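Report on the following structure.
The values are calculated or read from the model by the stated rules, or taken from the named source; none is laboratory data. Keep in mind that what you see is a predicted model, and the values were worked out from it rather than measured. Reconstructed Cβ throughout: ideal geometry from the backbone, glycine too, with neighbour counts over all protein chains shown.
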Amino acid sequence: MSVLEALRVAWSGLAANRLRSGLTMLGILIGVGAVILLVAVGNGASAAVQQQIQALGSNLIVVFPGSATSGGVQQGFGSASTLTMADVQALQNRQNAPDVAAAIPNTQGRAQVTYASQNWATSLTGTTQDFPSVRNYQVAEGQFFSANQVAADAKVVVLGATVAQNLFPGGQDPIGQSVFINRQAFQVIGVLAPKGTSGFTNQDDFVAVPITSAWAYLLGGRNTNVQQIYVEARSQQAMQAAQSEVTDTLLQTHHISDPSQADFQVLNQADILNTASQATQILTILLGAIAAISLVVGGIGIMNIMLVTVTERTREIGIRKAIGARRSDVLLQFLIESMFLSAVGGVLGIVVGALGAAILPHLITGLTTVVSLPSVLLAFGVSVGIGLFFGIYPANRAARLNPIEALRYE
């Protein structure tokens, strides 16, 4: 029997039980759709993290303070206060770090900003005049604060685009207005151009003030330590050299001779990106593996239905073998039926998964999905393979039927 003839016979057999065939394909459809959708969510999370890291700045190196220990338990990098403005000034010295273009301190906190009857809770960034160039921000209105204003503890503030829109609705001009940050009056001197949302992080929802003003007026005067230092290398090619210079300079300023005892950590964008990519890759694999379980369940459903079909069509199989059908013909017929169920279910699953990936970001704010061709091909290939694997036993069982016994079957 030719393949075309086997396809025709298989189609007529499946069409005779449309509802059962449709429900069997539904299991594969759900499995393939779930794999594509969940892998798309994982890929989207990975893309969002990469975008967020790249949005930090160009040729960026980040210095974190060391780890604090409490009760014998290490709290992790960033929990201690080991970075100071003296470290920033040492990195700005071209003799110490010739491959460093700029270095800025960063200290953060929460801010309740009010203007007239409007108020907005946002994040506070204390930094210096080089913040826009290092962190790739553009000033849309007004200007950023100067080195003199940083040195003078000036009570001036630059608003992120989101903060400006919420405090000054209706196109009001914020420049020159006085806003209250944690009950302290600050004059608005600039508004940053929007950078947009990266993943679940709104890069425009913050206010920037001179770091000296943040220490003096907004952070309770607790300390004058720096939470991070952002360093911009002169070029992409100079990243490794700049990182080495940063490490050597800080070891000298901290009077540490053994690099393994450093009370800080230096990471460049590539390091951060690799670490984040590994984490999101594990997440994507986990999500895909969970969804793949439903594919296996769908395959078991195919085997169950094919076994029922073999039982129902025992007499038909006996008649076909009695008039000359070979064992291979019967085997091919039932294998084609099982693979047809899985293939059609896989195609419909691809459609459902792609539609779900397109719709889901509109339902969940901040969620990004990316459908990748390898995940689609893999899901479809696995669905067809499952149809073949779980169809072999029922097909082989049908092919081994004794025609005499099959003809007797009622």
query = Which one of the conditions (1) touching a helix residue (DSSP H, G or I) at 6+ places or on another chain (Cβ under 9 Å); (2) part of a loop (DSSP other than H, G, I, E, B) does GLN95 fail to meet, given that it meets all the rest?
reply = (1)
query = Among the residues of the stretch 164-190 satisfying the criterion of being surrounded by 21 or more Cβ atoms within 10 Å (Cβ to Cβ) and more than 14 Å from VAL139 (Cα to Cα), which is nearest to the chain's Cα centre (by Cα)?
reply = LEU167
task = Quick one: in the stretch 25-57, of everything that is farther than 18 Å from ILE364 by Cα and modelled with pLDDT under 80, which residue is nearest to the chain's Cα centre (by Cα)?
result = GLN50
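For every residue, the table says whether it meets (1) part of a helix (DSSP H, G or I); (2) at pLDDT below 75; (3) closer than 23 Å to ASN304 by Cβ.
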| position | (1), (2), (3) |
| --- | --- |
| VAL371 | no, no, no |
| PRO374 | yes, no, no |
| VAL382 | yes, no, yes |
| ILE386 | yes, no, yes |
| PHE390 | yes, no, yes |
| ASN396 | yes, no, yes |
| ILE404 | yes, yes, no |
| GLU410 | no, yes, yes |
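So, in the stretch 133-143, of the ones that are crowded, with 20+ Cβ neighbours inside 10 Å and not basic (Lys, Arg), which residue ends up farthest from VAL88 (Cα to Cα)? Even if it seems obvious, please write down each step before you answer.
Within the stretch 133-143, the subset crowded, with 20+ Cβ neighbours inside 10 Å is 134-135, 137.
Remaining after also requiring not basic (Lys, Arg): 134, 137.
Numbers: VAL134: 14, TYR137: 20 Å.
Here the residue is TYR137.
Being out of contact with any Lys or Arg (no Cβ under 9 Å at 6 or more places or on another chain), within 30 Å of ALA395 (Cβ to Cβ) and modelled with pLDDT of 75 or more narrows it down to one residue among ALA322, ALA289; which is it? Explain how you work it out, then say what you get.
On the way: ALA322 fails: modelled with pLDDT of 75 or more.
The unique qualifying residue is ALA289.
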inquiry  = I'd like the full set of residues that are surrounded by fewer than 19 Cβ atoms within 10 Å (Cβ to Cβ) and touching a residue at least 12 places away in the same chain (Cβ under 8 Å), limited to the stretch 103-118.
reply    = GLN108, GLY109, ARG110, GLN112, THR114, GLN118
ask   = Pairs under 9 Å by beta carbon, first residue under 11 Å from ILE61 (Cβ atoms) and β-branched (Val, Ile, Thr) in the stretch 256-282, partner assigned to a helix (DSSP H, G or I) and at pLDDT below 80, six or more apart or different chains?
value = ILE272/ILE53
ask   = Of the residues ALA233, ALA147, which single one is in contact with a helix residue (DSSP H, G or I) (Cβ under 6 Å, 6 or more places away or on another chain) and of a type in the set (A, V, I, L, M, F, W, C)?
value = ALA233
